[in-house]
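Structure first, commentary second.
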Amino acid sequence: METATELRQAAVELDARIAPIDWSTPDPRAVAFRFAAPSGSLAAWSLGDPDDPRVVLVPGATGSKEDFLLLAPPLVDAGYFVQSYDLAGQYESHGAGPSPLTGRWDYPLYVDDMIAFLESGAPAHVLGYSFAGVVAQLVVARRPELVRSLTLLTAPPLTGNVFRGIKIVGALSRFIPPHQAAGLMLWGITTNKNGVDESRLRFVRDRLALTRRESVDDIMALMMDVPDVTAQVATAGIPLLIATGEHDLWPVRLHAEYADRIGAELAVYRTGHSPCETTPNQLALDMIRTFQTAEQPA
């Protein structure tokens, strides 16, 4: 049996050998489906044996289920059933959204959708990526019995206006309205400020062509007013993992402080805001260790 050190080194080596992929092409083993959520029809896929322990991976703003194309396979290979869905208003879920009465993509919309998705199967190990990490914590605070463990992947490690903690421009965040903040983010993505390869850039541009701009504006507003549910998350009685990159939007120091506040393990990788794309094997290894903690007999 391989030691923990050997497993880590093998994961590091696998991540170092990642080659460009076609992000628009799903894993051939994946089963695509539409989920009838409170906000409308959400695009989703599943991978693995439905009888295995369930894992739900939720993408963030301007993201999609395809962000987990490299993360899902090692989880499935380890004996887990993995599902993911596009948030309402995003990519192939662009038709889902608020009712005419509210007219806004707000916290109840995203929380109710996640709760409905989790209720459709067995309690799950949940990963919330960036903004979805905020939503996942609100779900844990409201319905902890649906979540077996929680991984916060480069999620904001603050409450209130979380942009205040971003490196370099954080001090200016209180002067930038949500629509302008969304515009800056979209400009950075489409002009490839993240330096992704051509295949990835082509996919994210195509994805943004479907994503509804007003949903991105509303998510930026939500991230400027994140509720404080740290006490509820800390006392939920589930294993918690905070996973981030050395070059994430928020400094590692803030992630470490938040991990201390909620009693989470902290994993830091030599990457940026998207470990699911750049260090998926290392992330999967840490997630599986978190899952196993949840699965141990009481």
>> Please pick out the residue among 82, 31, 12 that is within 19 Å of the chain's Cα centre (by Cα) and of a type in the set (A, V, I, L, M).
In response: 82
> Do you know which of the residues in the stretch 153-164 that are open to solvent by 10 Å² or more (accessible area, probe 1.4 Å) and either of a type in the set (Ser, Thr, Tyr) or not in a loop (DSSP other than H, G, I, E, B) (or both) is farthest from residue 113 (Cα to Cα)?
Replying inline: 164
> Which residue pairs have Cβ atoms closer than 9 Å, lie 6 or more positions apart in sequence or on different chains, and pair a first residue in the stretch 177-191 that is in contact (Cβ under 8 Å) with a residue 24 or more places away in the chain and closer than 18 Å to residue 274 by Cα with a second residue that is part of a helix (DSSP H, G or I) and open to solvent by less than 90 Å² (accessible area, probe 1.4 Å)?
Replying inline: 185/216; 185/220; 186/208; 186/213; 186/216; 189/201; 189/204; 189/208
> What pairs come up if the first residue lies in the stretch 269-295 and is in contact (Cβ under 8 Å) with a residue 60 or more places away in the chain, the second is assigned to a helix (DSSP H, G or I) and of a type in the set (S, T, N, Q), and their beta carbons are under 8 Å apart, counting only those six or more places apart or on different chains?
Replying inline: 272/278; 275/282
>> Between 31, 55, which is surrounded by 21 or more Cβ atoms within 10 Å (Cβ to Cβ), hydrophobic (A, V, I, L, M, F, W, C) and at pLDDT 95 or above?
In response: 55
> Can you pull out the residues in the stretch 230-260 that are open to solvent by less than 20 Å² (accessible area, probe 1.4 Å) and assigned to a loop (DSSP other than H, G, I, E, B)?
Replying inline: 248, 250
>> Of the residues 289, 213, 207, only one is open to solvent by 20 Å² or more (accessible area, probe 1.4 Å), under 26 Å from residue 54 (Cβ atoms) and basic (Lys, Arg); which?
In response: 289
> Hey, does the stretch 198-221 have a residue that's in contact with a Lys or Arg (Cβ under 9 Å, 6 or more places away or on another chain) and of a type outside the set (D, E, K, R)?
Replying inline: yes
>> Which residue is farthest from residue 219 (Cα to Cα), if the candidates are limited to the stretch 96-117 and must be surrounded by fewer than 22 Cβ atoms within 10 Å (Cβ to Cβ) and touching a strand residue (DSSP E or B) at 6+ places or on another chain (Cβ under 8 Å)?
In response: 116
>> Restricting to the stretch 182-202, name every residue that is surrounded by 17 or more Cβ atoms within 10 Å (Cβ to Cβ) and either outside any helix (DSSP H, G or I) or modelled with pLDDT of 95 or more (or both).
In response: 196
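The values are calculated or read from the model by the stated rules, or taken from the named source; none is laboratory data. Nothing here was measured: the structure is a model prediction, and the numbers come from that model. Here the Cβ is made from the backbone with ideal geometry for all residues, glycine too, and neighbour counts use every protein chain on show. Quick note on the areas: whole protein, heavy atoms, side chains included, nothing else; ligands and nucleic acids left out. Shrake-Rupley method; radii C 1.70, N 1.55, O 1.52, S 1.80 Å.
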